[in-house]
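The values are calculated or read from the model by the stated rules, or taken from the named source; none is laboratory data. Source: prediction; values computed, not measured. A quick note on method: Cβ atoms are made from the backbone with ideal geometry, for glycine too, and the neighbour counts reach across all protein chains shown. What goes into the accessible areas is simple: the full protein's heavy atoms, side chains included, and nothing from ligands, DNA or RNA. Shrake-Rupley method; radii C 1.70, N 1.55, O 1.52, S 1.80 Å.
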Amino acid sequence: MARIIVVTSGKGGVGKTTTSAAIAMGLAKKGHKTAVIDFDVGLRNLDLIMGCERRVIYDLINVINGEASLRQALIKDKRCNQLFILPASQTRDKDALTKEGIGKILEELAKDFKYIVCDSPAGIERGANLAMYFADDAFVVTNPEIASVRDSDRMLGILASKSRRSENDEEAIKEYLLLTRYSPKRVKIGEMLSVEDVQDILSLHLLGVIPESKSVLNASNSGTPVILNEESNAGQAYADVVARYLGEDKPHRFIDEEKKGLFRKIFGSK
Amino acid sequence: MSTDTETPTYTKSALEFKSTSFSVPILIIFNAELVQLEHQIEQKIAQAPEFFKNSPIFIDLQTCNHQQQKVDLSALIKCLQNKKLFPIGICGGNKQQNKLALKLNIPSHTIRENSATTIDASLKLNTIDIEKSDKNSSSEITPSVENMLITQPIRSGQRVYAKGDLTILSHVSAGAEVMAEGNIHVYGTLRGRALAGVQGNIDSRIFCSKLHAELVSIDGHYKINGEIDKEISSNPAQIYLQDQKLIIKNL
């Protein structure tokens, strides 16, 4: 059975697409056949982060409207043969998405794929609602600041009430917290909410903390999911997230400020 | 307070919203056959024409819908109106019927499980009965308290309404609203709004493990965030009414 994962947040700019790209790549690299779908119709970004923007011919809306087959629209990743990308349309708006259309696509993908990652747009409008409607698992991406936490909280309420699982009285969507852009240094001086603060407000299972890192922007610019950068903190943190999601027991990292040893102090850190 | 004497006279409000209860006859539909319905309504009215003249009436569709019978709601309402009855609401309707009722300017209500059980449905399957919910009528069953238990956090933007006591084992987020006709118990942190005794029960109380509420209210007497003593907030607290005043105290 395929598992449908929605990456959502409510608020924009918290790292949904970065996360979608990273975990999709992570799952695929572990040998699971994975598809990642961009639901941000009109503001297509995932293809850039995945580095396949030049290969987009057909998109999600084309498939919904029957103008292209799913096979034609899916883009196979060049780095990992288990990973496929279904881009959003850049020229349409979100009204082109239909519940039936999405349902059909997911059903068809589920036959072939192990994991389907849905990259939700910001907001609580149609695109976001449809991205999470069919989900089995939800990765709630939150920044350690109060507006993002509040929006995530709202999103969690919607996940609990407006999904297929809730409408059919099935087992609820499994919700996981992903704290991104975390800076232990700023938490220490009180500029940022701590992991505990966020946990206290959201009471959610923490899947991982992704530290604020230059490598994320670099990865986006170069079209390489940050998880492929094994040197960077953020890449390692995402690898941990994927491992934890798949059931491995990994201690949380990057929550406390790194103590620089003498060696590091002299030679600097990357 | 000095500000009080300075405030001009327009603070005296011109209206007030209050909640009260009336006795309204409920029409329970057992059969979708409109001709039969009309005939039997006429018979009933003939028995007590004065009582039914210009009377408000409430339509209960639950039984009918349970039997998968599709009653033509708009025709039924028109029929009642022709007989000088004023339908003021429906309950037990399905989505479609509720929508239709709204279109006809008639509000729809969610079912109170035990409101329609005053008569033995199986005995009078094909008859129509007009219930007079008179206070001294022996057939009236007072609704039992419907308590509600919630184990999940109440998220921002969610609203919960309990007809009896409301018990929440987790927290209530900022931007969420919990209401109860009885008491409210929150075993986590209360950050949103909590309104107890919303139907006028002045003895209802609010209890919580931590009080960071945006608003707490009992029977309409409320306090907002800034008025709540900061020292109380990190310990378990209770909120109750005493001589029309809202008291917030640590447990």
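Quick one: how many residues across the range A:150-189 are surrounded by fewer than 24 Cβ atoms within 10 Å (Cβ to Cβ), touching a Leu at 6+ places or on another chain (Cβ under 7 Å) and within 14 Å of another protein chain (Cβ to nearest Cβ)?
Counting residues in the range A:150-189 that are surrounded by fewer than 24 Cβ atoms within 10 Å (Cβ to Cβ), touching a Leu at 6+ places or on another chain (Cβ under 7 Å) and within 14 Å of another protein chain (Cβ to nearest Cβ) gives 3.
List the number of the failed condition for A:Ser215; all other conditions in (1) within 14 Å of chain B (Cβ to nearest Cβ); (2) open to solvent by less than 20 Å² (accessible area, probe 1.4 Å) hold.
Going through (1) within 14 Å of chain B (Cβ to nearest Cβ); (2) open to solvent by less than 20 Å² (accessible area, probe 1.4 Å) one by one, A:Ser215 breaks only (1).
To keep it simple, each residue is scored yes or no on (1) under 22 Å from the mean Cα position of the chain (by Cα); (2) crowded, with 19+ Cβ neighbours inside 10 Å.
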residue	(1), (2)
B:Ala176	yes, yes
B:Ala180	yes, yes
B:Asn183	yes, yes
B:Tyr187	no, no
B:Arg191	no, yes
B:Gly197	yes, yes
B:Ser209	no, no
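Across the range B:25-61, what is the number of residues that are closer than 30 Å to B:Lys95 by Cβ and either open to solvent by less than 30 Å² (accessible area, probe 1.4 Å) or in a strand (DSSP E or B) (or both)?
Here is the first cut: in the range B:25-61, the residues closer than 30 Å to B:Lys95 by Cβ are B:25-41, B:44, B:55-61.
Now drop any that are not either open to solvent by less than 30 Å² (accessible area, probe 1.4 Å) or in a strand (DSSP E or B) (or both), which leaves B:25-32, B:37, B:41, B:55-61.
Number satisfying all stated conditions: 17.
Among the residues of the range A:125-149 satisfying the criterion of being away from chain B (no Cβ under 13 Å) and assigned to a helix (DSSP H, G or I), which is surrounded by the fewest Cβ atoms within 10 Å (Cβ to Cβ)?
At the first step, the residues of the range A:125-149 found to be away from chain B (no Cβ under 13 Å) are A:125-137, A:139, A:141, A:143-145.
From the residues that got through so far, the ones that are assigned to a helix (DSSP H, G or I) too are A:126-133.
Details: A:Arg126: 18, A:Gly127: 24, A:Ala128: 24, A:Asn129: 20, A:Leu130: 22, A:Ala131: 25, A:Met132: 24, A:Tyr133: 23.
Only one residue fits best here, namely A:Arg126.
If I filter the range A:195-206 for residues that are within 13 Å of A:Asp136 (Cα to Cα), among the small types (Gly, Ala, Ser) and without any contact (Cβ under 8 Å) to a residue 60 or more places away in the chain, do I get at least one hit?
Residues of the range A:195-206 within 13 Å of A:Asp136 (Cα to Cα): none.
Checking the range A:195-206: not a single residue is within 13 Å of A:Asp136 (Cα to Cα), among the small types (Gly, Ala, Ser) and without any contact (Cβ under 8 Å) to a residue 60 or more places away in the chain.
What are the pairs with Cβ atoms under 9 angstrom where one residue, in the range A:69-86, is closer than 18 Å to A:Cys118 by Cα and surrounded by fewer than 12 Cβ atoms within 10 Å (Cβ to Cβ) and the other, located anywhere, is of a type in the set (Asp, Glu) and at pLDDT 95 or above? Sequence gap at least six, or different chains.
From the range A:69-86, no pairs qualify.
If B:Gln238 meets every condition in (1) open to solvent by 50 Å² or more (accessible area, probe 1.4 Å); (2) assigned to a strand (DSSP E or B) apart from one, which number is that one?
All conditions are met except number (1).
Answer yes or no as to whether B:Ile232 is touching a Lys or Arg at 6+ places or on another chain (Cβ under 8 Å), open to solvent by less than 30 Å² (accessible area, probe 1.4 Å) and assigned to a strand (DSSP E or B). Lay out the reasoning, then the answer.
Numbers: touching a Lys or Arg at 6+ places or on another chain (Cβ under 8 Å): yes; open to solvent by less than 30 Å² (accessible area, probe 1.4 Å): yes; assigned to a strand (DSSP E or B): no.
Taking the combined requirement at face value, the residue does not satisfy it.
Could you please find all residues in the range A:225-258 being open to solvent by less than 40 Å² (accessible area, probe 1.4 Å) and assigned to a helix (DSSP H, G or I)?
Passing the criteria: A:Val226, A:Ile227, A:Ala234, A:Gly235, A:Ala237, A:Tyr238, A:Asp240, A:Val241, A:Val242, A:Ala243, A:Arg244, A:Tyr245.
Looking at the range A:92-124 only, could you name the residues that are within 19 Å of A:Ser69 (Cα to Cα) and open to solvent by 40 Å² or more (accessible area, probe 1.4 Å)?
If the condition is that a residue be within 19 Å of A:Ser69 (Cα to Cα) and open to solvent by 40 Å² or more (accessible area, probe 1.4 Å), then A:Arg92, A:Thr98, A:Lys99, A:Glu100, A:Lys104, A:Glu107, A:Glu108, A:Lys111, A:Asp112 are the ones that fit.
Give me the residue from the range A:1-27 that is of a type outside the set (A, V, I, L, M, F, W, C) and in contact with a Leu (Cβ under 7 Å, 6 or more places away or on another chain) and, out of that set, surrounded by the fewest Cβ atoms within 10 Å (Cβ to Cβ).
In the first step, residues of the range A:1-27 are kept if they are of a type outside the set (A, V, I, L, M, F, W, C); the result is A:3, A:8-13, A:15-20, A:26.
Restricting the remaining residues to those that are in contact with a Leu (Cβ under 7 Å, 6 or more places away or on another chain) gives A:17, A:19-20.
Details: A:Thr17: 26, A:Thr19: 28, A:Ser20: 30.
Once the filter is applied, the top-ranked residue is A:Thr17.
Can you tell me how many residues in the range A:196-211 are away from chain B (no Cβ under 14 Å) and crowded, with 20+ Cβ neighbours inside 10 Å? Give the steps one after another, and end with the answer.
To start, the set of residues in the range A:196-211 that are away from chain B (no Cβ under 14 Å) comprises A:206-211.
Then keep just the ones that are crowded, with 20+ Cβ neighbours inside 10 Å; that gives A:207-211.
The total comes to 5.
If you go through the range B:66-82 one residue at a time, do you hit one that is in contact (Cβ under 8 Å) with a residue 12 or more places away in the chain, polar (S, T, N, Q), open to solvent by less than 40 Å² (accessible area, probe 1.4 Å) and in the same structural domain as B:Asn105 (by TED's automatic domain parsing)?
No - not one qualifying residue is present in the range B:66-82.
If I filter the range B:218-225 for residues that are surrounded by fewer than 16 Cβ atoms within 10 Å (Cβ to Cβ) and in contact (Cβ under 8 Å) with a residue 60 or more places away in the chain, do I get at least one hit?
no
Inside the range A:184-218, can you point out the residues that are under 22 Å from A:Ser20 (Cβ atoms) and of a type in the set (S, T, N, Q)?
A:Ser213, A:Ser215, A:Asn218 - these are the residues of the range A:184-218 that are under 22 Å from A:Ser20 (Cβ atoms) and of a type in the set (S, T, N, Q).
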